[in-house]
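Read through the structure below, which is laid out as structure tokens, and then see the notes.
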Amino acid sequence: MEFAPHMSDRVDIERVREATDLVALISMYVPLQPKGREWLGLCPFHEDNKPSFTVVTHKQNAFYKCHACGASGDCYKFVQEYLKKDFGESLRYLADKAGIDLSSTRQESTTSESKTKLRAAMKWATDLFVAELGNNVTGKIAITAISARGFNETSKLDFQIGVAPQGWTFLSDKVRDEKNRTMTCMAAGLVRKKEESGRIYDTFRNRLMFPICDESGAPIGFGARRLDEDEEPKYINSPETSLFQKSKTLYGLHLANKTIRERNCAVVVEGYTDVIACHQAGLTNVVATLGTSLTKDHATILSRICDEVILVFDGDEAGQRAADRALEIFITRPVDVRICVLPAGQDPADLASAGDTLQQHLDNACDAITYKLKNLEEQVQSKDTLSGRQKVIESCIQNLASLGLSKLDGVRRPLVLEKIAALLGTTMQQVESILSTYSPQRATLSQVNKEQAPLQLPDSTISKSRLLAEREFLAVCLFDPTESSAALREQHHKDHPALTTFDDPVCTSIANIIMPSLLAGTPRSMQDTLSELDESARMLASSLFFDGQRLCEETGSVMLAITTTLHAFNEKLKNQSMNNQVHQVKQVVDPAKRAQAAQLALESMRQHKTTGCTSKTPMRSIF
């Protein structure tokens, strides 16, 4: 946990956690498919091409685990890591979704750049800009500009369009006398400070304001379009902050997410007004980049929620450059990319307003590789000699290799190579052969493993068998704490391992959390346990849960699994105890005392063989 909550905080945390449907929450951002008792999808925390992300909701659990990168946690951790909110924001966000009124208000950080304060500042500014549309002077000009674009009242409300008035002090006057609020607004990019005079002034003036929202719909930045056509530049964005990074944000995604998932297709355009016009026309799977080219982060976001992406561009030259960028960014991801090049002088907003015209262009969008190769195909056909055609083909494949074609894996690789071979009029084997010549050597397994989040390595002084015994015992306890608690509290399990008997530091931290509650008959849920662990222990515990599931399935019952693993653990403890006694005997120099120590050790070993336990009475001090 990131803070030590008071009792009222703990009550709120548990109420919200219990009211949150983890599968429904994660499914808002990551498509999940049922697999047995669990749910499976692409991990949202690393570039995952093969589903490795599991959500567990059976046996009163509610947690997620990525078996590739190790990410794990409960509903709070997911919101913190995916939506980049701190714990307090995550609590309030989930409470609002569950319709729960919190009984306490946690103290926030006093730093002006805290994410909570930045979010509050962006929401405050959004509300002011929207309200300013009602101003008799500024509002009328803005509403005229909005109407000229054909935007209706619904679009205006959905996208929270507002206006920044012409003056320099619309926002700054409201915070000028409060230093902390001024600093927060500066950190959020809403106001600026003139170095020479120290005067505070507004960043946005005389502009239509388009809030840029995160995936939860909270404003994190602004796009601003000029109202005076003589003013430059035409568009400006908020500066990047801890909340807002252009390379990781898509305009309109919070409104388009649902339709993108339903249609399994995302359409990417270049402007805010294009997005709004498309949504108003019923094309609600449209998003936009923020004045930048598509990035790997954009591709990762989209590949998690759909299998097809259509990139819309205004002209042939731009389309060709876009095809190169799209191939480089998307080619290694499990998503198909198509290029839609619009007629000269037309933009998506114009075509979206003209009935089904834009949809027709989208339907005719060309596969990105096909688009890339159509000119080269003509070059191949124009060559009369075999050597000429070979040079063109090799040049083409070399170019594709530089874009990332060689990084393709799995089923997708032969499908793409087959398409390239057909377009170039050659065989897939020839394409593969030429590609291997120009492809960089693939990363070794050790290199791949280095990129994955590492589990904390166990202490090298601990034997593998001892470590396995500790982990398997904890694994069963984590998988079914209720049955494990009952088994441990039965009479014949009174010799359960004490907390001090765990040698591995990570196992010790897990045992410190779960063992007291198991022995007290108040077992913890997995999500509660994970919330109390640090990252390395959380990664191990979430992995052990699945080991415990396997052990219980192999033995046929939780009771037998806990009995078996507990016995194995105790045997390791007894063997270690005997080894320690032998070691002590060897350390005695005096022959008489060594004989006495050996006799005591033998008695202890005989007791172990006849009673199945080792005397816990320490050897008498004879040294």
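I'm trying to understand the selection: among the residues of segment 62-78, which are part of a loop (DSSP other than H, G, I, E, B) and within 11 Å of the chain's Cα centre (by Cα)? If the condition is that a residue be part of a loop (DSSP other than H, G, I, E, B) and within 11 Å of the chain's Cα centre (by Cα), then Cys69, Ala71 are the ones that fit.
Within segment 265-300, the set of residues being β-branched (Val, Ile, Thr) and open to solvent by 20 Å² or more (accessible area, probe 1.4 Å) comprises Thr284, Thr292, Thr295. The residues of segment 98-134 that are closer than 17 Å to Lys179 by Cα, open to solvent by 40 Å² or more (accessible area, probe 1.4 Å) and at pLDDT 85 or above, listed by number, are Lys117, Ala120, Trp124. A single entry from Ala62, Ala19, Ala68 fulfils the requirement of being over 30 Å from Ser103 (Cα atoms) and in contact (Cβ under 8 Å) with a residue 40 or more places away in the chain: Ala68.
Okay, residues lined up against (1) in a strand (DSSP E or B); (2) modelled with pLDDT of 90 or more; (3) touching a Leu at 6+ places or on another chain (Cβ under 6 Å); (4) of a type in the set (Asp, Glu):
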residue: Asn136; (1), (2), (3), (4): no, no, no, no
residue: Asp173; (1), (2), (3), (4): no, yes, no, yes
residue: Ser197; (1), (2), (3), (4): no, no, no, no
residue: Asp228; (1), (2), (3), (4): no, yes, no, yes
residue: Glu231; (1), (2), (3), (4): no, no, no, yes
residue: Ile236; (1), (2), (3), (4): yes, yes, no, no
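Set side by side, the residues Ala326, Ala352 differ, and just one is farther than 17 Å from Ala401 by Cα and hydrophobic (A, V, I, L, M, F, W, C), which is Ala352. For segment 172-211, taking the residues that are of a type in the set (A, V, I, L, M) and over 30 Å from Lys140 (Cα atoms), the one that is surrounded by the fewest Cβ atoms within 10 Å (Cβ to Cβ) is identified as Met183. In segment 471-521, of all residues being among the β-branched types (Val, Ile, Thr) and over 16 Å from Asn61 (Cα atoms), the one that is modelled with the lowest pLDDT corresponds to Thr500.
Restricting segment 24-43 to residues that are under 13 Å from Phe78 (Cα atoms) and open to solvent by 20 Å² or more (accessible area, probe 1.4 Å) leaves a set whose member that is modelled with the lowest pLDDT is Met28.
The requirement of being buried (at least 19 other Cβ atoms within 10 Å of the Cβ), part of a helix (DSSP H, G or I), within 18 Å of the chain's Cα centre (by Cα) and among the acidic types (Asp, Glu) is not satisfied by Glu81. Taking first residues from segment 137-152 that are under 14 Å from Asn206 (Cα atoms) and partners that are in a helix (DSSP H, G or I) and of a type outside the set (A, V, I, L, M), the Cβ contacts under 9 Å between residues at least 6 apart in sequence or on separate chains come to Thr138/Glu132; Gly139/Glu132; Ala142/Glu132; Ile143/Lys156; Ile146/Ser155; Ile146/Lys156. Meeting the requirement of 3 or more residues that are of a type in the set (A, V, I, L, M), in contact with a strand residue (DSSP E or B) (Cβ under 7 Å, 6 or more places away or on another chain) and free of Cβ contacts under 8 Å to residues at least 40 places away in the same chain, the strands (runs of 3 or more DSSP E) wholly within segment 256-367 are 336-341. If you go through segment 241-264 and keep only what is over 18 Å from Leu208 (Cβ atoms), small (Gly, Ala, Ser) and either open to solvent by less than 10 Å² (accessible area, probe 1.4 Å) or in contact with a Pro (Cβ under 7 Å, 6 or more places away or on another chain) (or both), you end up with just Ala256. Across segment 538-568, the number of residues qualifying as within 24 Å of Asp503 (Cβ to Cβ) and surrounded by 22 or more Cβ atoms within 10 Å (Cβ to Cβ) comes to 12.
Only residues that are of a type in the set (Gly, Ala, Ser) and in a helix (DSSP H, G or I): list them for segment 140-171, please.
Ala142, Ala145, Ser147, Ala148, Ser155
Condition check for Gly88 on (1) in a helix (DSSP H, G or I); (2) open to solvent by 20 Å² or more (accessible area, probe 1.4 Å): one failure, at (2).
Ile236 falls short on exactly one of the conditions (1) within 30 Å of Arg92 (Cα to Cα); (2) of a type in the set (A, V, I, L, M, F, W, C); (3) surrounded by fewer than 19 Cβ atoms within 10 Å (Cβ to Cβ), and that condition is (1). Residues in segment 213-221: is at least one among the small types (Gly, Ala, Ser), in contact (Cβ under 8 Å) with a residue 40 or more places away in the chain, under 21 Å from Thr169 (Cα atoms) and outside any strand (DSSP E or B)? No, segment 213-221 has no match at all. Listed by position, the helices (runs of 4 or more DSSP H) inside segment 466-569 whose residues that are within 31 Å of the chain's Cα centre (by Cα) and hydrophobic (A, V, I, L, M, F, W, C) number at least 3 are 505-519, 535-555. Any residue in segment 175-193 that is assigned to a strand (DSSP E or B) and touching a residue at least 12 places away in the same chain (Cβ under 8 Å)? So far as segment 175-193 goes, yes, one or more of its residues are assigned to a strand (DSSP E or B) and touching a residue at least 12 places away in the same chain (Cβ under 8 Å). Entry remark, segment 241-253: residues being assigned to a loop (DSSP other than H, G, I, E, B), of a type outside the set (Phe, Trp, Tyr) and touching a strand residue (DSSP E or B) at 6+ places or on another chain (Cβ under 8 Å) number 5 in total.
Number of residues in segment 151-171 that are touching a Ser or Thr at 6+ places or on another chain (Cβ under 8 Å), open to solvent by 40 Å² or more (accessible area, probe 1.4 Å) and closer than 16 Å to Tyr272 by Cβ equals 1.
Looking at the structure I just gave you, is Arg10 charged (D, E, K, R), part of a helix (DSSP H, G or I), surrounded by fewer than 22 Cβ atoms within 10 Å (Cβ to Cβ) and without any contact (Cβ under 8 Å) to a residue 60 or more places away in the chain? Reasoning before the result, please.
Details: charged (D, E, K, R): yes; part of a helix (DSSP H, G or I): yes; surrounded by fewer than 22 Cβ atoms within 10 Å (Cβ to Cβ): yes; without any contact (Cβ under 8 Å) to a residue 60 or more places away in the chain: yes.
Considered against the rule, which asks whether it is charged (D, E, K, R), part of a helix (DSSP H, G or I), surrounded by fewer than 22 Cβ atoms within 10 Å (Cβ to Cβ) and without any contact (Cβ under 8 Å) to a residue 60 or more places away in the chain, Arg10 comes out as yes.
The values are calculated or read from the model by the stated rules, or taken from the named source; none is laboratory data. Because the structure is a prediction, the values reported are computed rather than measured. Methodologically, a virtual Cβ is constructed for each residue, glycine included, from the backbone with ideal geometry; neighbour enumeration extends over all protein chains shown. Remember, those area values only see protein heavy atoms, side chains included, never the ligands or the DNA or RNA. Shrake-Rupley method; radii C 1.70, N 1.55, O 1.52, S 1.80 Å.
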